[in-house]
1. Need the failing condition index for R226 against (1) closer than 19 Å to W286 by Cα; (2) touching a helix residue (DSSP H, G or I) at 6+ places or on another chain (Cβ under 6 Å), just the number.
2. Which residues, taken from the stretch 68-92, are modelled with pLDDT of 90 or more and part of a loop (DSSP other than H, G, I, E, B)?
3. Can you tell me which residue within the stretch 206-217, out of those that are buried (at least 19 other Cβ atoms within 10 Å of the Cβ) and not hydrophobic (A, V, I, L, M, F, W, C), is nearest to the chain's Cα centre (by Cα)?
4. Quick check on this structure: which one of R68, R11, R47, R80 is loosely packed, with under 15 Cβ neighbours inside 10 Å, free of Cβ contacts under 8 Å to residues at least 24 places away in the same chain, touching a helix residue (DSSP H, G or I) at 6+ places or on another chain (Cβ under 7 Å) and not hydroxyl-bearing (S, T, Y)?
5. Can you list the helices (runs of 4 or more DSSP H) lying wholly within the stretch 282-346 that have 3 or more residues being loosely packed, with under 13 Cβ neighbours inside 10 Å and assigned by TED's automatic domain parsing to the domain that holds G157?
6. Could you pull out the residue among S167, S129 that is touching a helix residue (DSSP H, G or I) at 6+ places or on another chain (Cβ under 9 Å), closer than 30 Å to F303 by Cα and among the small types (G, A, S)?
7. Among the numbered criteria (1) in contact with an Asp or Glu (Cβ under 9 Å, 6 or more places away or on another chain); (2) modelled with pLDDT of 85 or more, which single criterion is violated by V35?
8. Condition check: touching a Phe, Trp or Tyr at 6+ places or on another chain (Cβ under 7 Å) and surrounded by fewer than 18 Cβ atoms within 10 Å (Cβ to Cβ). Does P42 satisfy that?
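The values are calculated or read from the model by the stated rules, or taken from the named source; none is laboratory data. Given the structure is predicted, the values throughout are model-derived calculations rather than measurements. Cβ placement follows ideal geometry from the backbone for every residue including glycine, while neighbour counts extend to all protein chains displayed.
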Amino acid sequence: MIDEKTKAALRSLGLVMGSSVDSRTLNLLGAVLRVQEDSPEPLPFKRIYEFTMKDNPGSSLTKAWVQRVLKSLVDNGLIRVESEHAYRKMYLADVSTVMTGLEKIKSETIQKLNSQRSVLTQQLDFVTSMDCGSLAENLVEGLTGDRQKLSSRFIKGMDEFYRVTNSTIFEVAKEGDIIRCSVMTFAPYLQGATERVDRIFVAAARGVEVRYSVTIRSLIQDDSIRSEITPEALTGSIAAFIDCRREGLPVDIRFNDGPKNTYQFMSLNNDSMAFMISDNPMTAAWITRAFNPDLIDNAMTNFDSQWEKSISLTDLSPEYLKKSGISPDSYIAKTLADVFRTRGTEKEP
């Protein structure tokens, strides 16, 4: 009796137990193994066929069918052919031939699965990167000849938030444009942050002014930041920002005491804005000026007013951090101090 774990392993190799057509390979292998004596000896095809018919009384199995399945067992290495070039071939099966065959099938299965994984990974990346908003616009235009522009859309999850803000803000922004980002809490951004931060520098390198306005209280989320961002990644991102500033790129991260009555959002000029509705689960909405100009104008006005009163990351001092309730021994404070020291911009209290 074969246990379920063994059956599952065999199925993963394409070998099925039972009475169906798919199980004929293992059924014939079992017949060959059972007809062997205590000391396995090579058997002629006639003996194998006769035992198979005896094993399946009343069946209409033909010699040609048995021959085909036997050949597949030989091709897979589960049965060995003795005197292969002789007029009458002899067949042998035992635990050693079965192991050899299983190893061969396993190797071929791994090869096939790896090939499928490569194709599936490409398909997954392609589908994941789709912007359904642009896709819908293109589809409608293709079907009707008219170009209809989206003015709003609902967003679920950070992956979709990044895709939408990439396609509607960061990738379309050009020299002279302003990208504003209001960050009230880092919580939604932490997972995958280090892989996505480069888009800030890419946009700035094109001449896009990128403004990140961050509440200083968000840095108090020390344990959360530590758990999601490695010291190397955090150090690298801060250092990259400082280097961009030194090179004169139009990017700045400023901290403030926390404006009231505002949103956590990203915007392109005063044309479009993606703002968060809730953190957990993360939901957001993307709108254009055509959808609600007042909402966008009010958010931009509040942002710019707060921006002028905020302090740049390069000007943060240990004293300012301490007054804001951030311990000098915290993860973020120590990392900032290390980066400032290595970049020659150490701040004095």
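1. All conditions are met except number (1).
2. N76, G77, L78, I79
3. Y212
4. Going through R68, R11, R47, R80 in turn, just one is loosely packed, with under 15 Cβ neighbours inside 10 Å, free of Cβ contacts under 8 Å to residues at least 24 places away in the same chain, touching a helix residue (DSSP H, G or I) at 6+ places or on another chain (Cβ under 7 Å) and not hydroxyl-bearing (S, T, Y): R47.
5. On the way: elements: 293-308, 318-323, 331-342.
Ranges flagged: 293-308.
6. Matching residue, one of S167, S129: S167.
7. Status for V35: all satisfied but (2).
8. So P42 passes the test.
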